[in-house]
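The values are calculated or read from the model by the stated rules, or taken from the named source; none is laboratory data. On a predicted model such as this, the values are computed, not experimentally measured, just so you know. Cβ sites come from the backbone with ideal geometry, for glycine too, and all protein chains shown count toward neighbours. All accessible areas refer to the heavy atoms of the entire protein, side chains included, with ligands and DNA or RNA removed. Shrake-Rupley method; radii C 1.70, N 1.55, O 1.52, S 1.80 Å.
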Amino acid sequence: MKAKTLTRLLVVLMLASTLLLDGASVRSDPMQSGSAIVFQASQLDEVAVAAVNCDDERRSGIPSSQCYALINFYNNAGGPGWKNQRNWLTDPMPCVWWGVNCECNPEAEPPYCQVKCLDLWDNNVTAIPPAVTALTYLQHLHLSHNGIGGAVPGYLGSLQNLTLLSLGDNNFTSVEPGVGGLSHLQFLDLVDNHLSSLPESLSGLKSLETLLLWGNSFTSMPSAIAGMSNLRQLLMEDNQLTGELPAWIGNLANLEELGLAINHITSVPPEIGKLDNLQLLLLQRNDITALPPEIGDLAKLEHLSLWENRLGAIPPEIGNLTNLKELDMSSNHVLAGTIPSSLGNLRSLEYLYLQENALQGQIPPSLGNLAELKCLNLGSNQLTGPIPTSLGQLANLEFLHLYDNQLTGSIPSTLGWLSKLKVLNLANNRLTGPLPAQLGYLPNLRKLIVSGNRGLYGPLPIGLLRSSEPRYISFYGTQICEPTDAEFQNLLWSDRMAGWTILSSGLACEAPPTLAPVGPAGGTLSSAADGTTYTFAPGTFGPSAEVAIASAGVVTVTHAPKAAGAAPSTGNLVGIRHFYDVYARDATGQYVQPVKPYTITIQYGPLDIAAGHAIESTLALYRWNGTSWVKEPTSRVNVISDTITANPSRFSTWAVLGEKAPARRRLPMVMKGE
């Protein structure tokens, strides 16, 4: 809009200047005279009535031949049906018509401007009329995304100043040989048409630097391309190329980008190694079974994409590509063998994708040398052995995916050095041991997945809950447990955990047992771990036929909290994380039972209720009789003081259970694993 306004202003000023010098008056609207301007017919078109006089170059600002050519173009390319016709045939200056761009020289004799660009992209243009050849100064012709069909006309070859020709997203079925006459053409866009061949004459496009041919119907690479010696960018994705790439591809010495993805190419010739300037090579989604060793000669290569092919091995020569920034060989499925240690030489590598293959052996420790690496994905392979501690040296790593392998050993604490790490996915391996506490101090970690490693155990590091940003933590299918201490539980169920997702193993860490001696005079035992207190009256363990009291008359009572996930099935009832054994032994080590009731008081809190989704008024103490849970008849709940009291007469395995409350939102979302 601004460019058009400036162009119009420039043309108006030049026109005004000329008319004033000639002593003529200047009118802002040439139609104010009250009569339409009648044009002379030219050799290009017959124009009856319009608002522009092509023969008055001082007013139009451009040569009359170009003016008539534009009018002809409009009339013969479906102009009345264009999406945007702004100023066409209604403004006396063609340089301000939609899509027309001019270059003007205010110091030149009239005409002052030349049409340099015609940009009618996505405008319902229906044809390319021959009149366009009269735009002899044209440098850029944009006609992409229209409905133009048939052949790309050969007479375009007469536009000797043309450097850019964009005809993509049309319905062209062929290219006429005359197009090969565009000796100064640098950019040719023919994407998304219906082309299956190119004329040999296009080999004369010696100035061409960019050739875009994706989305056509080529079954082989046109040999005319071999003569385009200055070509820097060749993109032929999404065609029907089959078989081996032609050996002449190695002659395109200036080529920097080669895109041949989404075809049916089966092999790459050794000559590919001659492309000394190649920086980008896209070969994904083909049928390539092997790469030549010469692939390692592409010294300037920065991006190599080979995903979804049929490669059988990773050539060690890839390790020679020291400028490589991205290597994607994922989803080859039959890609077997080991990961070459030479990949550790790729000191510029930022992204390494080798997931969804059949790679075996161990992860090379040399990968720890990839100092620029941001993403390492080795998931869904058959890798074995330990996770190398050297991966902790990857100071720029943000994503580490090692899921669905057969990795063994412990998780290296050195992974806690990866201060930029955002995602750590180690799911479904054979890892053992505890989670390193160092993982809890990774400041940018947003997703931690270790599920499916049944050998992992121990408490979930509390540091993982201290992040100020929501996290996704998955450890179901492991023996990792949730600590039951107040600090951890308060963090776990606090409002600050909104937006977090925790897929839990369902195991609570067992608190250490609490012991207390109880003599004939009675006594108490209090467990700070779960708020349970026992009161034993005098004679609770008095002489009886079934109790052998040592001479001192003292027994040791033990309260042993157990992980909630280890509790026998509770049926329709739900627990609130109070599950434990209580037993007593005399001085000889024999188990003893009380001879009269004792008092037990259990203090619970709102976090316990939330954890179990229980209806508070239904809470009660239940005893496991070996086959089912039996409610203690003396149990009673006080919802004011948040306590449960009972007066049982024996020791056993006990749990606090209640009826399940209706479903409601939980903070955070904690799902119990199988």
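Grab the DSSP H runs of the chain that are 4 residues or longer, score each as -39,500 (n - 2.57), total them, divide by all residues and round the 222 nm result to the nearest 500 deg cm²/dmol. Each step should come with its number before you reach the end.
Values: 5 runs with 51 residues, N = 674.
Per the formula, -2000 deg cm²/dmol.
Ordering Tyr472, Tyr112 by accessible area with a probe of 1.4 Å, largest first, what comes out? Write down the numbers at each step before the final one.
On the way: Tyr472 75, Tyr112 15 Å².
If we order Tyr472, Tyr112 from most to least accessible, we get Tyr472, Tyr112.
What's the carbon and sulfur percent of the stretch 297-356's accessible surface, probe 1.4 angstrom, rounded to a whole number? Please list the in-between numbers first.
Working: 1030 of 2360 Å².
On the stretch 297-356, the fraction of accessible area on carbon and sulfur atoms equals 44 percent.
Can you send over the carbon and sulfur percentage of the accessible area for the stretch 173-227, probe radius 1.4 Å, protein chains only? Walk me through the numbers before you get to the answer.
Numbers: 1010 of 1950 Å².
On the stretch 173-227, the fraction of accessible area on carbon and sulfur atoms equals 52 percent.
Can you grab the distance from the C-alpha centre of the stretch 510-530 to the C-alpha centre of the stretch 123-199, Å, no decimals?
Cα centroid of the stretch 510-530 versus Cα centroid of the stretch 123-199: 91 Å apart.
Leaving out same-chain residues fewer than 8 places away, which lysines sit with a Cα under 18 Å from that of Lys631?
Excluding near neighbours in sequence, the set is Lys660.
Would you mind giving the three semi-axes, in whole Å and largest first, of the ellipsoid equivalent to the stretch 270-369 according to its Cα gyration tensor?
The answer is 19, 17, 12 Å, longest axis first.
Solvent-accessible area per residue for the stretch 265-329 at a 1.4 Å probe radius, Å²?
Working: 2470 Å² over 65 residues.
Here the residues of the stretch 265-329 average 38 Å² of exposed surface.
May I ask for the net charge around Glu510, where only other residues with Cβ less than 13 Å from the Cβ of Glu510 are counted and Lys, Arg are +1 while Asp, Glu are -1?
Values: positive: Lys562, Arg577; negative: Glu482, Asp485, Asp530, Asp581.
The answer is -2.
For helix 64-76, what angle does its Cα long axis make with the longest principal axis of the chain, in degrees from 0 to 90 and rounded to 10?
So the helix axis and the longest Cα principal axis differ by about 60 degrees.
For the chain, what is the percent of antiparallel DSSP beta bridges, rounded to the nearest 5? Kindly include the intermediate steps, with their values, before the conclusion.
On the way: 53 of 122 bridges.
Roughly 45 percent of the beta bridges in the chain run antiparallel, per DSSP.
With 16 Å as the cut-off, how large is the P(r) tail for the stretch 417-463, expressed as percent of Cα-Cα pairs? If you can, show how the numbers build up before the last one.
Values: 400 of 1081 pairs.
Counting every Cα pair in the stretch 417-463, those more than 16 Å apart make up 37 percent.
Can you pick out the pairs among Lys447/Lys562; Lys300/Lys374; Lys274/Lys325 whose Cα atoms lie more than 22 Å from each other?
Values: Lys447/Lys562 29 Å; Lys300/Lys374 20 Å; Lys274/Lys325 20 Å.
Check vs 22 Å cut-off fails for Lys447/Lys562.
Heavy-atom accessible area per residue, the stretch 558-661, 1.4 Å probe: how many Å²?
On the way: 4650 Å² over 104 residues.
It amounts to 45 Å² per residue over the stretch 558-661.
Note down the Stokes-Einstein diffusion coefficient of the stretch 329-409 in µm²/s, whole number, using a Kirkwood radius over alpha carbon pairs, 37 °C, and 0.692 mPa s.
Details: Rh = 12.4 Å.
The diffusion coefficient I find is 265 µm²/s.
Calculate the all-directions average of the projected area of the stretch 77-130's alpha-carbon convex hull, and give it in nm². Before the final figure, lay out the partial values.
Working: hull surface 17.0 nm².
With the hull built on Cα positions only, its mean projection is 4.2 nm².
With a 1.4 Å probe and all protein chains left in place, how much of the accessible area of the stretch 89-169 comes from carbon and sulfur atoms, in whole percent?
Values: 1470 of 2900 Å².
Heavy-atom surface of the stretch 89-169 belonging to carbon and sulfur, 1.4 Å probe: 51 percent.
With all protein chains present, calculate the accessible area of Lys325 using a 1.4 Å probe and round the result to the nearest 10 Å².
My reading of the accessible area for Lys325 is about 80 Å².
Over the stretch 364-502, consider all pairs of different Cα atoms and compute the Kirkwood hydrodynamic radius from their mean reciprocal separation; express it in Å, one decimal.
Value: 15.2 Å, from the Cα pair sum.
Heavy-atom accessible area per residue, the stretch 163-233, 1.4 Å probe: how many Å²?
That works out to 34 Å² for each residue.
Angle, helix 2-21 long axis vs. longest principal axis of the chain, Cα atoms, 0 to 90°, nearest 10?
Approximately 20 degrees, to the nearest ten.
Between Ala537 and Glu469, what is the label-point separation in nm under the 7 Å Cα-to-beta-carbon projection?
It works out to 6.1 nm between the two label points.
Can you give the accessible area of Asp276, probe radius 1.4 Å, in Å² rounded to 10?
In the full protein context, Asp276 sits at about 90 Å².
Take every Cα-Cα pair in the chain and report what % of them are more than 45 Å apart. Working shown, then result.
On the way: 119578 of 226801 pairs.
When all Cα pairs of the chain are counted, 53 percent exceed 45 Å.
Quick check for me: using +1 on Lys/Arg Cβ and -1 on Asp/Glu Cβ, what's the dipole size of the chain about its Cα centre, in debye to the nearest 20?
That gives a dipole near 2900 debye.
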